[in-house]
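Accompanying notes for the structure given below.
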Amino acid sequence: MKKTFLLILVISSLSLTAQNDGWHISTNDKSDYTGIAIANGRIGMLSSSKPLQIQHIVLNNVYDVDPTLKVSQILHGMNFGNLDMYIDGEKITEDNINNWQQTMDIKNAALTTSFDYKDKAKISCTIYALRNLQFTGYIDIGVEAVTEIDLTVTGKIQIPKEYQTPTNTFQILKDVETTMPILQSVAKSPFGKHLVSTSGTFIWHNINSSRENQRPELKHKIISENENTLSFDYKIKKNQNLDFAWTGAQCTTKNFSDPKSESERMVIFNLLNSKDVLLTQHKSQWNKLWQGDIIIEGDLQSQQDVRLALYHLYAFGRGDSDLSIAPMGLSLQTPYNGHIFWDTELWMFPPLLMLNQDIARSLVNYRSDRLEPAKNRAINYGYQGAMFPWESDDTGEEATPPFALTGPFEHHITADIGIAFWNYYRVTQDKKWLSEKGFPLMKEVADFWVSRVTVNNDGSYSINNVVGANEFAPNVNDNAFTNGAAITALKFATKAANEIGISPNPEWQLVSEKIKILKLKDGTTKEHEDYDGEIIKQADVNLLSFPLNIVNDKETIIKDLKYYEPKLSKEGPAMGKSIFSILYAKQGDVDNAYRLFKESYVPNQQAPFGALSEVANSNFSYFATGAGGMLQSVLFGFGGLEFTDNGIIQKDPILPKEWKSLTIKGVGVDNKTYRID
């Protein structure tokens with residue numbers, strides 16, 4: 001069955017006081033503002049400091065073409081999340097409001113903005129991306145009149161200027177006594193790949209919105225071919241409220257053969273449904289997600305940071321989608337075009353596998369659904385098995401811009417995927433999945449590495465001409481992480497075969513035992529054949545200790561930590577130091593572990609909510625990869641949790657002195673709770 005992309009926005013009266021606790025982050029400072037993502041795994045809205053506005057809408061897995069690089073790019077949809085409001089003829093703007101405040105309710109995935117307009121009215125607006133209606137959003141707005149006011153509200157569908165052949169209409173559909181006013185805009189995506197249809201209408205919560213003689217009169221106006229509007233006027237008496245909604249649906253031919261009609265149906269569905277029912281279901285589903293939670297006692301800032309990170313991983317994924325998570329999730333189109341990288345398998349997947357196996361299953365199924373393109377790619381490059389793309393889109397083909405050497409040469413992604421697959425089985429013990437999806441992919445991954453290695457004169461194997469995790473060093477031989485990941489993927493494929501009663505290819509074990517791991521003269525692990533102490537982009541060698549457990553003696557682990565930490569670039573991505581934090585925690589050095597935990601994300605936090613950027617000197621947010629890294633520091637470092645062939649175990653947890661306790665809830669399929677005091 002094809003699916004739709006829909007966003008629903010509804011608007012309700014709230015009396016707010018500032019909340020800052022483990023579930024709420026509030027701000028009244030918008031001088032330096034980076035938006036927060038409100039998302040449900042299918043659609044994402046990026047918040048704005050401007051009243052009654054959002055910055056844009058992102059549609060998951062709907063791609064068009066980047067006009068500059070001529071590669072696929074996730075689509076910014078039509079924006080129907082912006083409204084204009086006039087009181088006594090004056091438009092509300094940033095300049096004529098006061099007492100502005102925003103609160104992010106992490107538990108219920110809701111962002112509320114409140115403000116006063118002069119001495120005339122109090123306005124509140126809460127944005128939801130409804131979890132229960134996976135293609136919908138909901139913006140709830142309320143106006144409280146301090147004095148009698150004349151209110152005018154305009155709902156808008158704004159079509160990005162790059163879209164082609166837009167058409168804008170308004171009609172009132174009728175069935176018996178029920179009337180359904182529908183504002184609609186239809187256009188082709190910028191390069192014509194998809195037809196996009198957006199419909200919208202108003203809902204008044206205390207007025208029968210489907211009865212033409214009871215609701216306010218609606219006025220239609222086309223401002224331009226890129227802006228379609230619908231307005232109403234309403235007089236609110238002193239000390240009275242008006243609660244209303246603006247709801248919209250956005251459908252594309254990626255998901256529907258007839259997106260125009262489907263967007264109309266979705267709007268009608270919300271027009272004739274109860275706000276209370278929708279929000280109760282939404283909150284219930286988020287409550288279920290939060291069965292997997294991390295509770296830090298004694299350090300409110302760390303608690304908020306960790307919860308916001310976990311919120312974003314939950315918000316960017318779904319257990320019923322078989323879709324993956326891009327580095328920027330559903331917050332931004334750029335950088336990285338909404339493509340899927342190793343960021344998913346190595347950084348985001350492990351915390352989700354620990355706390356929410358449903359979303360984790362979608363991430364691995366995304367890869368198995370794209371196995372055939374990976375097999376074709378291996379053939380095209382002269383290899384066997386499956387060669388996964390460094391950047392993946394909806395097609396599963398390579399989507400990296402041609403100028404980037406990562407596309408042809410960063411091959412460790414293929415091993416990263418195989419490792420994630422075995423870890424999924426380790427946790428879930430889902431043998432049916434392993435037989436049908438897991439092992440078929442792991443086999444192809446192992447066959448790729450057998451064909452990818454080069455035999456040396458001494459009988460050892462090298463993997464030559466690669467880009468490793470340290471992308472500052474392209475086209476090198478025997479990169480530490482690439483070789484270690486290949487070793488691990490080969491060993492895991494052998495285990496998977498044995499688990500389902502299939503004889504493994506003996507070459508898998510042979511090659512895995514003879515791939516080279518290079519050393520410096522003093523025994524420090526060498527990053528690649530020509531490495532000579534250069535600055536590195538991010539952790540590479542140290543990944544052999546965690547998560548690969550190839551370098552596992554304490555002396556070498558410490559030696560590698562002390563050698564490579566000073567080599568980390570200050571311009572490197574957020575998650576780099578999280579690996580160092582985990583490794584220090586596992587060696588019992590809690591002070592260095594906590595220091596590096598904080599260094600792994602605090603410099604990258606953006607005001608006012610602490611949204612993570614990839615690097616400290618940019619404000620591209622939200623960087624979900626960084627969230628995955630800092631969560632791993634808590635789970636695998638301080639929490640001492642590990643994935644093993646016997647499931648999830650805990651070994652030597654350690655508590656920072658800054659915390660009174662750490663509780664990890666909903667771990668694994670048994671929903672276990674671990675507490676560290």
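Here are the numbers for the structure shown:
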quantity: Residue, least open to solvent (accessible area, probe 1.4 Å), within the stretch 163-208, restricted to residues that are among the hydroxyl-bearing types (Ser, Thr, Tyr) and farther than 26 Å from Ile57 by Cα; calculated: Thr179
quantity: Cross-chain or 6+ apart pairs with Cβ under 6 Å, the stretch 558-580 first and farther than 17 Å from Glu527 by Cβ and touching a residue at least 24 places away in the same chain (Cβ under 8 Å), then of a type in the set (Phe, Trp, Tyr) and open to solvent by less than 20 Å² (accessible area, probe 1.4 Å); calculated: Ala574/Tyr601; Ala574/Phe623; Met575/Trp347
quantity: Considering residues of the stretch 614-645 that are at pLDDT 95 or above and hydroxyl-bearing (Ser, Thr, Tyr) only, the residue farthest from Val58 (Cα to Cα); calculated: Thr644
quantity: Per-region count, the stretch 473-503, residues assigned to a loop (DSSP other than H, G, I, E, B) and surrounded by fewer than 19 Cβ atoms within 10 Å (Cβ to Cβ); calculated: 7
quantity: So Phe170, is it of a type in the set (Phe, Trp, Tyr), modelled with pLDDT of 95 or more and more than 21 Å from Gln53 (Cβ to Cβ); calculated: yes
quantity: The listed residue being more than 17 Å from Gln384 (Cβ to Cβ), among the basic types (Lys, Arg), in a loop (DSSP other than H, G, I, E, B) and out of contact with any Leu (no Cβ under 7 Å at 6 or more places or on another chain), out of Lys521, Lys437; calculated: Lys521
quantity: Filter result for Val450 (closer than 30 Å to Ala360 by Cα, at pLDDT 95 or above, among the aliphatic types (A, V, I, L, M) and open to solvent by 20 Å² or more (accessible area, probe 1.4 Å)); calculated: yes
quantity: Strands (runs of 3 or more DSSP E) enclosed by the stretch 77-125 - at least 1 residues per element that are open to solvent by 30 Å² or more (accessible area, probe 1.4 Å) and under 14 Å from Val153 (Cα atoms); calculated: 83-87
quantity: All positions within the stretch 543-595 that are of a type in the set (Ser, Thr, Tyr) and part of a helix (DSSP H, G or I); calculated: Thr556, Tyr563, Tyr564, Ser578, Ser581, Tyr584, Tyr594
quantity: Any pair with Cβ under 7 angstrom, 6 or more apart, that starts in the stretch 349-371 at a residue that is more than 15 Å from Arg426 (Cβ to Cβ) and ends at one that is among the acidic types (Asp, Glu); calculated: Ser362/Asp322; Asn365/Asp322; Tyr366/Asp322; Asp369/Asp322; Leu371/Glu444
quantity: Residue pairs meeting the criteria (Cβ under 6 Å; at least 6 apart or on separate chains; first under 23 Å from Gly329 (Cβ atoms), in the stretch 18-40; second surrounded by fewer than 16 Cβ atoms within 10 Å (Cβ to Cβ) and not polar (S, T, N, Q)); calculated: Ser26/Ala18; Asp32/Ala607
quantity: The stretch 637-652, subset surrounded by fewer than 18 Cβ atoms within 10 Å (Cβ to Cβ) and not charged (D, E, K, R), residue nearest to Asn592 (Cα to Cα); calculated: Gln650
quantity: Ser331 being part of a loop (DSSP other than H, G, I, E, B), in contact with a Leu (Cβ under 7 Å, 6 or more places away or on another chain), closer than 17 Å to Ala129 by Cβ and not acidic (Asp, Glu); calculated: yes
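The values are calculated or read from the model by the stated rules, or taken from the named source; none is laboratory data. Keep in mind it's a predicted model, so treat the numbers as computed, not measured. Every residue, glycine among them, receives a Cβ derived from its backbone with ideal geometry; neighbour counts consider all protein chains shown. Just the protein is used for accessible areas: all its heavy atoms, side chains included, with ligands, DNA and RNA removed. Shrake-Rupley method; radii C 1.70, N 1.55, O 1.52, S 1.80 Å.
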